[in-house]
Each structure stands twice: as structure tokens, then as C-alpha cells.
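No lab work stands behind these numbers, since they all come straight from the coordinates. Note that the structure is predicted; figures quoted are calculated from it, not measured. Cβ sites come from the backbone with ideal geometry, for glycine too, and all protein chains shown count toward neighbours.
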Amino acid sequence: MSSSTDRAPFASPGAARRAFARLLKIPAAAPTVRPERRHAREEDGLVVEDLCWGSLDGERPTALVVSPARREGPLPAVVCLHGTGGSRESVCAPTFGVGEWTPHGGTVPHAALLGWGRELARQGYVVLALTQRGLDVRGPDTNDQAKELLVRGRTLMGAIVYEIRQAVTYLQSRGDVDPARVGMTGMSFGGITTFYSWLVDDRIAAAAPVCGGVGSVDVFLSRGKRGYHGFYWWIPGMLARGDQGDFAAAQAPRPLMLWAPLNDIGMPGEGVDRFLDVVGPAYEEAGAAAALAVHRPPAEHEFTPEAFAAMRAFFDTHLKP
């Protein structure tokens, strides 16, 4: 099998973005959006807005936008993406911290970090928490949707990334957002969709995938548990053009943070090693070694308060003046 180090680097950041957009089978150009604000309320010094908009295949993505009720000048913004068992509501829960959350359609609660998006808003960010396609109330599930799109010559990851990019378009249109300071983060499923959105969209000024299965698809094939990731994770033809590290290296010096626990089932440690072997030198060559922050605690696949603290510090560094 070939490795990332066997492939020629992309000629430019734009070439890498366009190549990845072609793999996702979506336009490279930023999508338009016409949002509908369904209602808004103020609580605890924050404004909470409920939005929806039209997207591909007649889909209607829904999002919560949480922002400080009082501000001075435009603020940085962060798109916050939940994992498989979460939702926009779990991300924007009123209380921040580890608690119990019962997924849509489930009966057994599980421990999860709740309210982390709302906590970012309390710290001076405009936060958009998007319910991702195929998860929570947006059925059918990801595997069913991916199968149909594949036979129609498309990819589910592309459809998901398209919606996320619409969220970026919307945030940049808001008067309370500095359009040059839009970041993105997410846990697990939301981590990989964060990473792939960052690869194709240079409007995302900084990205922080948490336990997102970011490292090396090539390594995962040989050392990971293939059944762990659904169809959405596998991008047809990707390794013929480049591994995750090849695409990320081309984006240097744009800030990127990985929270990649050593015992994360979603990506073997060897995959993260391979990623860093390729991406680290690219950031060093760009004179931006500090813009690549990689945390590798001896932990499992979970969003912890420590991960949140690292992510917040990363955004404070790269998105706040």
C-alpha cells in the first residue's frame, strides 16, 4: 500500500481544496443560503435563534444560533457540530458540563458533554449548532442516505459538507459576526465533518476536530476497525489523490487543532503519527508551527472538559483579536 509520503504535494492550497471538492462531488464555490428565522428568545444574557434553510435534495437543515445579547463590535463565530448521539439541543443545553443525554429515538441515556456550544457563546462567540443530515431527527440514517447518493453519483459526506458551508455563508452575512473570524469544531461525526469542511472552504479561519477520525485513511484500513465508521466516512477515490495528511498539509498555515486521544477507536495512533509526519513539516516550512495544535492524551473516544478547554484556548488564540 502507498503512504502519504509517496504522493506529490498539491501545487497550491486552492488546488487541494478543488481536488477534495471533486471527491465530495460538490461545487468548489461557496454555496448560497436563504435562512428562515422561526423564532428567537433572550435568556441568561444570550439570544437563542431557531433557523432553517433549503439545501440539496429538498432537505431543510435546522440550526440554533446562540449569541451574546450585548456586544461591542462584530464577534468571532464558531460552527459547532454534534456527534452521532447528539443534536443541536445537546450542544446548546442550558447547563455546561458532563451529564446524561438520551438520543432521539433512544431510551437509554449516555454520558455526554452538554452545553458546550452555549458555553462558547458565553465567552464572546456567535455560535451556530447545526443538526447534521442523517442524525437525530433528520432521518433516514446516514447509511441509508449514503447508499442512495452513491448510486446517483454523489456522496453523503459531500451533501453534509455542503450544508455546513451554507452555515458559514449565513454567519458571514450577519452584522454581529466578523466574516474573517469564523471557526468550526465538532465531536466524532462532527469532528470529521469539521475537518473535511475546513479542507474545502478557506472561509473557515480555524478548525478544531475532536475525536474526529482524523489521521490516515490508509492506516485505518490496515489497523483500524473498519466497521466502526459508517458509509459517510469513506470518500470514494480519495486515496488515489491523497490521504488526509496530504490535503491538510496543503492548507498550511491555516490554524488546525486535533484532539486525538491515544486510545480513540476512531483512529489508531499510527494514523495520527502518519498525519503529523506529513502535516508537521508543512506548517514548519510555512513558519506557522504554532498554528498546528495536536493533543494526544491517554484517553478514549470522548469529548471531555479538558478537550473543550483546549478547543476554547485554540479559538481564543486564533479567532479573537
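Per-residue Karplus couplings for region 305-317, computed as 6.51 cos²θ - 1.76 cosθ + 1.60 with θ equal to phi - 60°, are listed in order as x, 5, 5, 4, 4, 5, 5, 5, 4, 4, 5, 4, 6 Hz, Gly and Pro entered as x.
The amide H of Met257, built 1.01 Å from its N in the peptide plane, has Ala207, Ala208, Ala293 as neighbours under 5 Å, considering only residues 5 or more places off or on other chains. Of the peptides 18-24, 42-48, the order by per-residue mean of other Cβ atoms within 10 Å, starting with the highest, comes out as 18-24, 42-48. Taking packing as the residue-averaged number of other Cβ atoms within 10 angstrom, the listed peptides 227-234, 242-249 run from highest to lowest as 242-249, 227-234. Taking the DSSP beta bridges with both ends in the chain, the antiparallel portion is around 50 percent. All distinct Cα pairs of the chain go into the 1/r average, and the inverse of that average, the Kirkwood radius, is 19.5 Å. Near the amide H of Val126, under 5 Å away, which other amide H atoms are found, from residues 5 or more places off or on another chain, if H is placed in the peptide plane? Amide H neighbours of Val126, under 5 Å, 5+ apart: Ala77, Val78. Sequence-ordered 3J(HN,Hα) estimates for region 136-144 from the Karplus curve with 6.51, -1.76 and 1.60 and θ = phi - 60° stand at 6, 7, 9, x, x, 5, 4, 5, 4 Hz, glycine and proline given as x. In region 209-286, Cα pairs under 8 Å separated by at least six residues give a relative contact order of 52 percent. Shown here: region 208-290, whose C-alpha atoms stretch 39, 28, 19 Å along the first, second and third principal axes, sorted largest to smallest.
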